[in-house]
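Data first, discussion second: the structure below is written as structure tokens.
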Amino acid sequence: MCDKKKFNIEYEIKSSPRILYSFLNEPNGLAQWFADDVSVREQIYTFTWDDEPQKAKLIAIKENKLVRFRWIDDEPTCYFEMEIIQDELTNDVALSITDFATDDTIGERKLIWDNQIEYLISVLGA
């Protein structure tokens with residue numbers, strides 16, 4: 001069982017799901033906003049920040065909809081997920097983030113996601 005608590009945040013993104021999806025699952029797209037460098041080999045993504053690599057396994061994928069990763073060195077039931085949600089009536093697009101953090105780090109993790117998504121929005125020009 002994961003000792004960390006699951007949390008979810010949602011961001012409105014002015015982009016088509018197809019374009020947004022390429023920034024969520026392709027190494028080149030992720031390297032533009034999520035990490036300094038991203039490489040992938042056999043479903044294992046290596047995310048590098050400040051020359052410190054972290055590996056995550058891609059554990060779920062739905063084209064133009066969702067990607068879910070599990071950090072290799074984290075608890076097996078913890079993951080982070082990025083899901084594209086499109087309103088059927090308005091066609092508005094949102095990006096839903098699901099992640100896990102300890103009680104004392106949830107606020108910090110949310111701030112990190114806020115900054116990353118703000119950067120993603122600027123890269124998208126949305």
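All of the numbers you see were taken from the coordinates with simple rules; none came from a lab. Nothing here was measured: the structure is a model prediction, and the numbers come from that model. Don't worry about glycine lacking a Cβ; one is built from the backbone with ideal geometry, like all the others, and counts go over all protein chains shown.
Yes or no, residue by residue, for (1) under 14 Å from Phe7 (Cα atoms); (2) surrounded by fewer than 18 Cβ atoms within 10 Å (Cβ to Cβ):
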position: Val67; (1), (2): no, no
position: Asp73; (1), (2): no, yes
position: Ile84; (1), (2): no, no
position: Ala94; (1), (2): no, yes
position: Thr98; (1), (2): yes, yes
position: Leu111; (1), (2): yes, yes
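Among (1) of a type outside the set (Asp, Glu); (2) farther than 26 Å from Asp104 by Cβ; (3) assigned to a strand (DSSP E or B), there is one condition Lys55 misses while meeting the rest; what is its number?
It fails just one condition, (2).
For residues that are in contact with a strand residue (DSSP E or B) (Cβ under 8 Å, 6 or more places away or on another chain) and farther than 23 Å from Phe100 by Cβ, tally how many sit in region 1-19.
5
With the requirement that a residue be aliphatic (A, V, I, L, M), part of a strand (DSSP E or B) and surrounded by fewer than 16 Cβ atoms within 10 Å (Cβ to Cβ), what does region 1-48 give you?
Ile9, Val40, Ile44
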